[in-house]
Amino acid sequence: SLLIRFLYFLLLLIVLIFIVQKVIISRLDCILDAVNLSFIILALAIMYFSIVLGSMRWYLLNNFYNQKSLSFRYISFHYWSGLAIGYFTPGNIGWDAYRIIAVGKKLKTYTSPVITIVSEKIIGFLSVSLMILIVFPLIEDQILKDGKLYNKIYFGGSGILALVILFGGLILKGK
């Protein structure tokens, strides 16, 4: 255990040294002079709240689909850890795989964590679709001058959204 912690620390140190060698200090100083500090603080605060809200969403969905309830602390820790992995994998698939494995090992089953992740993806799709369907008509005259293309996008998106809602309802009814 002590050796593994030492190796993690050593790996972190090696990565940090590699990054520092690649950074051009004069260019970094120039960039940091042009940055508004209040935007950085606001971005960090938003990131914190998005992690807390995302952990809460994952916690609620996990406890909805599982027979055993997992602690919010456990869920938050693995949400945060998986997020770091997700930044380095295409389409955040590593993040999803990490969360499935973390919860699956704890619960001794991988079915409910997979259903939880799929539910998150469906909820995300529905949220974005709803946002597009609400906002798009308000700004469509600024974006599109072709009414046929607008109709295809709007009614096609509405149809896909209706199918996803129907499919989600069938899944929940079958549960």
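Hey, could you get me the Stokes-Einstein D for region 52-122, Kirkwood radius over alpha-carbon pairs, 4 °C and 1.567 mPa s, rounded to whole µm² s⁻¹?
My calculation gives 110 µm²/s for D.
Please find, in a Gaussian network model of the chain (springs between Cα atoms separated by less than 10 Å), the residue of Ile14, Ile132, Ile115 whose mean-square fluctuation is greatest.
Ile14
Which one, Ser26, Ser69, Ser81, has the greatest fluctuation when you compute a Gaussian network model over the chain with C-alpha springs under 10 angstrom?
Of Ser26, Ser69, Ser81, the Gaussian network model singles out Ser26 as fluctuating most.
Round to a whole number: what % of the accessible area of the chain belongs to carbon and sulfur, probe 1.4 Å?
So the carbon and sulfur contribution to the accessible surface is 75 percent.
Excluding His78 itself, what net charge comes from residues whose Cβ is under 11 Å from its Cβ, given Lys and Arg +1 and Asp and Glu -1?
It works out to a net charge of +4.
Could you compute how fast the chain diffuses translationally, taking Rh as the Kirkwood radius over C-alpha pairs and applying Stokes-Einstein at 25 °C with viscosity 0.890 mPa s? Give it in µm² per second.
Diffusion coefficient, whole number: 121 µm²/s.
Over region 27-67, what number does the Rg to Rh ratio reach, with both radii from the alpha-carbon atoms and Rh per Kirkwood?
Checking Rg against Rh, the ratio lands at 1.37.
How many Å² of accessible area per residue for the chain, probe 1.4 Å?
Normalised by residue count, the accessible surface of the chain is 76 Å².
Quickly estimate the mean residue ellipticity at 222 nm for the chain, helices only: each DSSP H run with n ≥ 4 gives -39500 (n - 2.57), and the total goes over all residues, rounded to 500.
-30000 deg cm²/dmol
The values are calculated or read from the model by the stated rules, or taken from the named source; none is laboratory data. Nothing here was measured: the structure is a model prediction, and the numbers come from that model. Positions of Cβ are backbone-derived with ideal geometry, glycine not excepted, and every protein chain shown enters the neighbour counts. Ligands, DNA and RNA are stripped out before the accessible areas are found, and what is left, the full protein with its side chains, is counted by its heavy atoms. Shrake-Rupley method; radii C 1.70, N 1.55, O 1.52, S 1.80 Å.
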